[in-house]
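Report on one structure; see the data block that follows.
The values are calculated or read from the model by the stated rules, or taken from the named source; none is laboratory data. Quantities reported herein were computed from a predicted structural model and do not represent experimental measurements. A quick note on method: Cβ atoms are made from the backbone with ideal geometry, for glycine too, and the neighbour counts reach across all protein chains shown.
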Amino acid sequence: MQQFEHIYTSPIGRIKIVANKDCIQAITFIDDAMSTSENEGVESPAIIHHCIDELIDYFNGSRTQFTVPIHQSGTDFQQKVWRELYEVPYAKTMSYAELAKKLGDPKVIRAAASANGKNKIAIIVPCHRIIGSDSNLTGYAWGLARKKWLLQHEFRIGLGVQTLFA
């Protein structure tokens, strides 16, 4: 099935959206200012426009849940972790240890953290909402500054909290 790419410029950097005609397959931040879409000049399918509209709403503070269809390839365990991530409410956080417990085995904390780090659908599958047990920001594939921005954005909109992390 044909894949399409589109580069969207968000308030916290450029985002590459990868999709087929049916679902979003990846949303990743890119730091290379020269990166362009592989489909430059090709009309993007409706699913990409739908995704961009929802991302705009999210960044404007008017969207807390996404409806755009998503799918990313991964092992059964990764899929289970990503489903749990998808269920973490807007403006809430969960520790890696809590995530492991929700998966049914507190001993899988490292495997859960690894699967969290392999998530390729940023923001919609909110891996940024997973923090350390001591409430510190830990690990984010696209940088801790972005993780902090996303969490503070959600807490500001969802809870009225102005500053959460120093």
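Please specify each residue of the stretch 28-59 satisfying the condition of being assigned to a loop (DSSP other than H, G, I, E, B) and either modelled with pLDDT of 95 or more or of a type outside the set (S, T, Y) (or both). Matches in the stretch 28-59: D31, D32, A33, M34, E38, N39, E40, G41, V42, E43, P45.
Highlighted here are the helices (runs of 4 or more DSSP H) found entirely within the stretch 60-155 that include at least 3 residues which are more than 16 Å from the chain's Cα centre (by Cα): 96-102, 109-117. Of the candidates A100, A26, the single residue that is small (G, A, S) and either surrounded by fewer than 15 Cβ atoms within 10 Å (Cβ to Cβ) or closer than 23 Å to R146 by Cα (or both) is A26. Out of I109, I48, one residue alone is hydrophobic (A, V, I, L, M, F, W, C) and not assigned by TED's automatic domain parsing to the domain that holds I15. It is I109. For the structure I just gave you, tell me whether S73 is among the polar types (S, T, N, Q) and either surrounded by 19 or more Cβ atoms within 10 Å (Cβ to Cβ) or more than 19 Å from K120 (Cα to Cα) (or both). No, not satisfied.
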